[in-house]
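Since the structure comes first, as C-alpha cells, the remarks are kept for the end.
The values are calculated or read from the model by the stated rules, or taken from the named source; none is laboratory data. All values derive from a computational prediction rather than experimental measurement. Glycine gets a Cβ as well: all are built from the backbone with ideal geometry, and neighbour counts include every protein chain shown. SASA here: full protein model, heavy atoms, side chains in, ligands and nucleic acids out. Shrake-Rupley method; radii C 1.70, N 1.55, O 1.52, S 1.80 Å.
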Amino acid sequence: MHLVFPIPKDKLLLPFSELKTLLTQYNRQGDIFDAAHQVTALSQNQISLPQNPSEYKNKYDEIEGMFVRRGITNGQDLAIELYEELWKLIQITPLPGVSNQDIIKYFKFELDDDTSIILTPNGNVNSWTLEWSFYIFQQKETINIITRDAGKIVVPDYIVKYIHTAAISFRSQLHEVCLALCSIVMEATLKDKLAPLGYTGEYSQKKIGKKQNPKYLGGLGTALDKARNVEKILTPGHFSLDLDDVIQPVRNNLVHVSKMAFSTPLPKFSSKNPNYTLGDFLEEPYKVFDMLQTVTKCCYQLYSIP
C-alpha cells in the first residue's frame, strides 16, 4: 500500500524491532512470520515460514532486508502492509494484559520531529493518518488528515503534498506562503469535485465566451460559488462563509504576487480595529493556523464524498 511520503529507513525499522521484543515476551513470534508470509504471497520472493526457532534470526534479517529495499521489493509498501497484518492478528488473538492503546504506539512513524504517519484503526478497517505538530506561543497544536483508508486513496497525493508544504511554511512563519497554498488547495479540491458534474476550465466549444458557459470554472471565486450555491456540495460546516473573504483575495492577488492583497479590508475579523486588513490577519499565527486547519479538514471531507 503506497504512502505519499517516504519514511526514513531507521524510522521504518524501529517499530519492527519493538514489536519483535513485545511479541517474543508472549511467545508470539509466529505472528510476525505469518504476517510476512501473507503480505509477500504475490511476490517473487515470498517469505517462507521458519521450521524451528533456530531460523528466527535469519527470517528477521530477511524481513528487514525486504523493508529497506525500496525500489527492488517496494520495501516501504510491504512494510506498511506487514504492520497492518500484524495489527489484525493481534486483534484476533489479543496479548494478555496489553491494551490496544499500548500497542498502537508501535504503529507510528516519524517523518521528522513534527510530522508523523499513524495507523488509525476503525473497526476492521485500517487507515493511515498524516499528522503535523506545531508550537504556537509554546502551545502544541496538531492538524491531521487521513490519506489512506482501507488501502484506498482518500485525498490525492498532490493535494496532500500542497498541504504538507503549507504546514512547513507555517512552521517557518511564512504565513503568506501558507495561506497562498491553502487557497490553491481549496481551488483544486473544489474543481476536482465539480468536474464530474460537468464543470470545466475550458471555454465553450462554440467559442461564445466563458461567461455564457454556465459550467465554466474560472478561479476560486467561481468554484466557491458553484460548489456552495449551485451544487450544494460545500456547506458552512465544511468552510464557513466568512473565510471566503480571506481566501479569495489571497488566491486572486497574493498568489500573483500583488501587494494589493495585503490591504484587503477584513473588519469582521477584528472587534477592535475597523481598519483591519489581510496584512493584519497574516500577522496573527492562530488565525493563519485556523485557516490551515479548516482547509485541511474541508479537503478531507469533500474528497470523502462519493
Enumerate the pairs (first residue in region 175-195 and closer than 18 Å to LYS287 by Cα; second residue anywhere and among the charged types (D, E, K, R) and buried (at least 21 other Cβ atoms within 10 Å of the Cβ)) with beta-carbon separation below 6 Å, excluding pairs fewer than 6 apart on the same chain, so at least 6 apart or on different chains. SER183/ARG251
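One line per residue, one yes/no per condition, for (1) closer than 21 Å to ILE80 by Cβ; (2) in a helix (DSSP H, G or I):
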residue: LYS20; (1), (2): yes, yes
residue: THR24; (1), (2): no, yes
residue: GLN44; (1), (2): yes, no
residue: SER48; (1), (2): no, no
residue: LYS57; (1), (2): no, yes
residue: GLU64; (1), (2): yes, yes
Do we have ALA36 as closer than 23 Å to ASN126 by Cα and at pLDDT below 90 here? no
Picking from PHE262, PHE281, which residue would you name as being open to solvent by 30 Å² or more (accessible area, probe 1.4 Å), at pLDDT below 95, closer than 27 Å to GLN173 by Cα and assigned to a helix (DSSP H, G or I)? PHE262
How many residues of region 148-170 are modelled with pLDDT under 90 and either within 19 Å of LYS191 (Cβ to Cβ) or surrounded by 20 or more Cβ atoms within 10 Å (Cβ to Cβ) (or both)? The answer is 3
Is region 138-147 home to any residue that is touching a residue at least 60 places away in the same chain (Cβ under 8 Å), surrounded by fewer than 19 Cβ atoms within 10 Å (Cβ to Cβ) and out of contact with any Leu (no Cβ under 9 Å at 6 or more places or on another chain)? yes
How many residues, within region 38-52, are surrounded by 13 or more Cβ atoms within 10 Å (Cβ to Cβ) and under 29 Å from the mean Cα position of the chain (by Cα)? 3
Which pairs do you get when a residue that is over 16 Å from ASP192 (Cα atoms), found in region 149-171, comes within reach of a residue that is open to solvent by 10 Å² or more (accessible area, probe 1.4 Å), reach meaning Cβ atoms under 6 angstrom, with the pair 6+ apart or on two chains? ALA150/VAL125; GLY151/MET1; THR165/LEU181; ALA166/LEU181; SER169/VAL177
Do you know which residues across region 215-246 are more than 17 Å from LEU179 (Cα to Cα), modelled with pLDDT of 90 or more and of a type in the set (A, V, I, L, M, F, W, C)? ALA223, ALA227, VAL230, ILE233, LEU234
Of all residues in region 293-306, count the ones that are open to solvent by 10 Å² or more (accessible area, probe 1.4 Å) and closer than 19 Å to ALA227 by Cα. 8
Pairs, first more than 18 Å from ILE80 (Cα to Cα) and touching a residue at least 24 places away in the same chain (Cβ under 8 Å) in region 97-112, second among the aliphatic types (A, V, I, L, M) and open to solvent by less than 50 Å² (accessible area, probe 1.4 Å), C-beta under 8 Å, six or more apart: VAL98/LEU22
If I ask for residues that are open to solvent by less than 70 Å² (accessible area, probe 1.4 Å), under 15 Å from THR93 (Cβ atoms) and either touching a Leu at 6+ places or on another chain (Cβ under 7 Å) or not in a helix (DSSP H, G or I) (or both), which ones from region 26-37 would you list? ARG28, GLN29, ASP31, ILE32, PHE33, ALA35
Of the residues that make up region 119-126, is at least one over 18 Å from LYS11 (Cα atoms), in contact with a Leu (Cβ under 9 Å, 6 or more places away or on another chain) and modelled with pLDDT under 90? yes
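A quick yes/no check of all residues on (1) in contact with a Lys or Arg (Cβ under 9 Å, 6 or more places away or on another chain); (2) open to solvent by less than 20 Å² (accessible area, probe 1.4 Å); (3) closer than 18 Å to TYR162 by Cα; (4) part of a helix (DSSP H, G or I):
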{"position": "GLY218", "(1), (2), (3), (4)": "yes, no, no, no"}
{"position": "GLY221", "(1), (2), (3), (4)": "yes, no, no, yes"}
{"position": "ALA227", "(1), (2), (3), (4)": "yes, yes, no, yes"}
{"position": "PRO236", "(1), (2), (3), (4)": "yes, no, no, no"}
{"position": "ASP245", "(1), (2), (3), (4)": "yes, no, no, yes"}
{"position": "VAL250", "(1), (2), (3), (4)": "no, yes, yes, yes"}
{"position": "MET291", "(1), (2), (3), (4)": "no, yes, yes, yes"}
Pairs with Cβ under 7 Å, 6+ apart, first in region 56-82 and hydroxyl-bearing (Ser, Thr, Tyr) and buried (at least 16 other Cβ atoms within 10 Å of the Cβ), second part of a helix (DSSP H, G or I) and modelled with pLDDT of 90 or more: TYR56/GLN29; TYR60/LYS20
